[in-house]
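Worksheet for the structure shown next.
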Ligand code: BGC
């Protein structure tokens with residue numbers, strides 16, 4: 001764990017203890033909604049991706065440690081289901097809502113109902129757009145995540161190191177690269193894309209990187225609902241349309257491990273095999289199967305976002321709000337949801353490649369050696 005994280009965790013732990021002390025000491029057995037067993041609604045997008053299960057578990061566990069009851073719901077990426085789950089939480093008397101949205105633009109009405117009932121709302125990981133009724137936002141620095149994804153590709157190609165410093169003996173290229181983006185209804189997707197493209201563009205401009213398919217627009221690269229099968233079939237189409245002339249793909253920008261797995265399947269089906277001709281592929285979330293794919297040489301990198309820390313930020317925000325305090329934030333400029341700039345706490349992410357899996361993922365207790373090698 002790096003120093004910033006240690007400090008952050010210590011701060012969060014201290015904050016949580018203070019909140020607990022305030023609850024047990026201050027409420028005199030009465031209500032006040034201060035961690036006294038009140039209900040908190042937690043809405044997560046889907047169980048189809050491992051990271052959201054980790055998030056949901058961590059948020060629930062940490063809220064329960066604070067004495068809250070938790071209504072944790074997953075919506076299987078179906079927007080009406082998520083809306084009705086949140087509606088139910090309001091009806092059940094939730095005192096706060098923590099919401100990781102499916103489509104960041106579809107919750108305005110239900111959040112108005114939450115506001116009418118004076119229920120504070122914390123956007124979790126994904127910004128909720130087009131609503132004034134989003135009180136705080138807990139996330140990672142999503143632009144930097146995109147920078148890290150692109151930098152890992154440059155490093156994998158030998159053009160830079162993992163910090164982005166140009167390599168002295170950088171190959172000239174040109175290298176063929178193909179670009180994938182996340183779901184267009186997820187506010188994070190454009191942040192990842194912008195961070196990545198800003199990093200790759202100089203290399204595209206000088207001709208070191210070539211997007212051979214010509215598909216360089218976000219709209220062309222976007223993958224609705226972050227669906228791995230959609231990415232797989234787009235990669236298959238690109239391989240047929242662009243690489244049937246004997247040329248090969250050298251790198252693929254993928255913003256999420258689930259998309260990377262689809263891309264890997266398309267490559268394997270097209271006859272690519274791990275070795276010299278196998279492209280450098282990025283990812284995100286350090287999902288177990290993808291960590292194994294990194295060890296197997298199929299995927300080059302992923303971005304680790306420690307869901308335990310994100311949960312701690314969201315839980316701390318909720319606790320502070322219910323205690324009538326102001327949650328801690330570290331960004332009040334970047335996350336404009338179309339109606340207002342939502343005060344945010346942004347955590348740091350880390351690039352994971354084969355060499356630092358043990359240091360970043362095992363030593364931090366995120367995955368065990370057995371899970372990774374099993
Ligand atoms: C999250 C990513 C995740 C993606 C797909 C994004 O909103 O920030 O961590 O890979 O959704 O689930």
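Considering the stretch 104-153 alone, what residues qualify as being part of a helix (DSSP H, G or I), away from the ligand (no atom under 16 Å from the Cβ) and under 19 Å from residue 191 (Cα atoms)? 151, 153 - these are the residues of the stretch 104-153 that are part of a helix (DSSP H, G or I), away from the ligand (no atom under 16 Å from the Cβ) and under 19 Å from residue 191 (Cα atoms).
Could you check the stretch 280-303 and list, in sequence order, the residues that are in contact with a helix residue (DSSP H, G or I) (Cβ under 7 Å, 6 or more places away or on another chain), free of Cβ contacts under 8 Å to residues at least 40 places away in the same chain and away from the ligand (no atom under 16 Å from the Cβ)? 298, the sole residue that qualifies.
For the stretch 145-161, a residue qualifies if it is over 24 Å from the mean Cα position of the chain (by Cα) and surrounded by fewer than 18 Cβ atoms within 10 Å (Cβ to Cβ), and exactly one does: 158.
Residue check: is residue 213 within 20 Å of residue 281 (Cβ to Cβ), within 16 Å of the ligand (Cβ to nearest atom) and outside any helix (DSSP H, G or I)?
On the way: within 20 Å of residue 281 (Cβ to Cβ): yes; within 16 Å of the ligand (Cβ to nearest atom): no; outside any helix (DSSP H, G or I): yes.
So residue 213 fails the test.
In the set (1) within 22 Å of the chain's Cα centre (by Cα); (2) touching a residue at least 60 places away in the same chain (Cβ under 8 Å), the condition left unmet by residue 132 is number (1). Give the number of residues within the stretch 61-93 that are in contact with a helix residue (DSSP H, G or I) (Cβ under 8 Å, 6 or more places away or on another chain) and closer than 18 Å to residue 111 by Cβ. Residues that pass the stated criteria total 7.
Filtered by the rule that a residue be crowded, with 21+ Cβ neighbours inside 10 Å, more than 14 Å from the ligand (Cβ to nearest atom) and not in a helix (DSSP H, G or I), the stretch 67-103 gives 68, 94, 95, 96, 97, 98.
When the stretch 286-303 is filtered for residues that are crowded, with 24+ Cβ neighbours inside 10 Å and within 13 Å of the chain's Cα centre (by Cα), the ones remaining, listed by number, are 286, 302, 303. When restricted to residues that are surrounded by 23 or more Cβ atoms within 10 Å (Cβ to Cβ), over 22 Å from residue 304 (Cα atoms) and within 16 Å of the ligand (Cβ to nearest atom), the stretch 162-208 contains 0.
Checked against the criterion of being crowded, with 17+ Cβ neighbours inside 10 Å, in a helix (DSSP H, G or I), more than 16 Å from the ligand (Cβ to nearest atom) and not assigned by TED's automatic domain parsing to the domain that holds residue 130, the stretch 240-253 contains one or more residues that satisfy it.
The values are calculated or read from the model by the stated rules, or taken from the named source; none is laboratory data. Being a predicted model, the structure only gives us computed values, none of them experimental. Note that each Cβ is placed from the backbone with ideal geometry, even for glycine, and that neighbours are counted across all protein chains shown.
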